[in-house]
Amino acid sequence: SSNTGPRGISRFSSRRKRLTGVLPDLLKGATSYDRIAGYFSSSMLEVAGEAIEAMKEGSVVRVVCNSELMPADVVTIQSATRAANLSMQEEWTSNLPSGVSPGMRERLKRLYQFLNEGKLKIKVIPDEVFGLIHGKAGVITRADGSKVGLFGSVNESRRAWKENYELL
């Protein structure tokens, strides 16, 4: 639940209430979401996919993360950065690991579309180059120019926003 303290700082703890609705609520009316997280998974689209989709045209979500990614996310990210046409989407589909569930296929399709449209940009920093990114922080910029800063323990994944014990 949220606990608003001095200077209007809101604190959220999944120990009291799930964080599921926090990110979608914060993204309402946002023009950008800049995020550094140790871990990114397309599963975060199960939490905030509709909110990202609803961001006004030209809005962008930028994520910097470690290189520990799910294989299907890697295939999707690589395919989306190569080209933006139907034949590439067919190639991407054929390169997905076997056994991908219909639900995950839809999530990956959404990831592909966001990447292809430029609505989502992901920068992967290999551990060997930079070291492990452990901190988690973000800035959401709203249409009126106001900003909301985030920091805490939450990574960009469904599990972090819905299941884990996290602070924000």
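The values are calculated or read from the model by the stated rules, or taken from the named source; none is laboratory data. It should be emphasised that the depicted structure is a prediction, and the values quoted were computed from it without experimental measurement. Cβ coordinates were reconstructed from backbone atoms using ideal geometry, including for glycine residues, and neighbour counts include every protein chain displayed. Note: areas computed on protein heavy atoms with side chains; ligands, DNA, RNA excluded. Shrake-Rupley method; radii C 1.70, N 1.55, O 1.52, S 1.80 Å.
Observations on the structure shown:
- Dipole of the chain, positive end: most advanced residue of TYR165, LEU111, SER10 [Cβ charges, Cα centre]: SER10
- Cleavage-rule hits (chymotrypsin sites (Phe, Trp or Tyr not before Pro)) in segment 101-168: DSSP loop, at most 14 neighbouring Cβ within 10 angstrom: TYR165
- Cα lying deepest toward the dipole's positive end in the chain, options VAL129, GLY152, ASN66, charges on Cβ: GLY152
- For the chain, the mean residue ellipticity at 222 nm estimated from helices alone is -10500 deg cm²/dmol, where every DSSP H run of n ≥ 4 contributes -39500 (n - 2.57) and the total is divided by all residues, rounded to the nearest 500.
- Taking a point 7 Å out from the Cα of THR20 in the direction of its Cβ, none of the residues of segment 99-130 has a backbone N less than 16 Å from it.
- To the nearest 10, the accessible area of ASP127 is 70 Å² with a 1.4 Å probe.
- The chain - convex hull of alpha carbons, volume per residue in Å³: 122
- When the residues THR141, THR20, THR76 are ordered by accessible surface, computed with a 1.4 Å probe over the protein chains alone, the sequence from largest down reads THR20, THR141, THR76.
- Bridgeable lysines around LYS162 (alpha carbons under 16 Å apart, same-chain partners fewer than 8 residues away excluded): LYS17.
- At R0 = 22 Å, FRET efficiency that the Cβ-Cβ distance of GLU163 and ARG142 yields, to 0.05: 0.20
- Sparsely packed loop sites in segment 1-70 (the trypsin sites (Lys or Arg not before Pro) outside DSSP H, G, I, E and B with at most 12 other Cβ atoms within 10 Å) comprise ARG15, ARG16, LYS17, LYS28, LYS56.
- Each Lys and Arg Cβ is given +1 and each Asp and Glu Cβ -1; about its Cα centre, the chain then shows a dipole of about 700 debye.
- Neighbourhood net charge (12 Å Cβ-Cβ; Lys/Arg +1, Asp/Glu -1) for VAL60: +2
- Local electrostatic count, LEU150, Cβ distance below 9 Å [Lys/Arg +1, Asp/Glu -1]: +2
- For TYR39, distant residues with modelled amide H under 5 Å away: ASN66, GLU156
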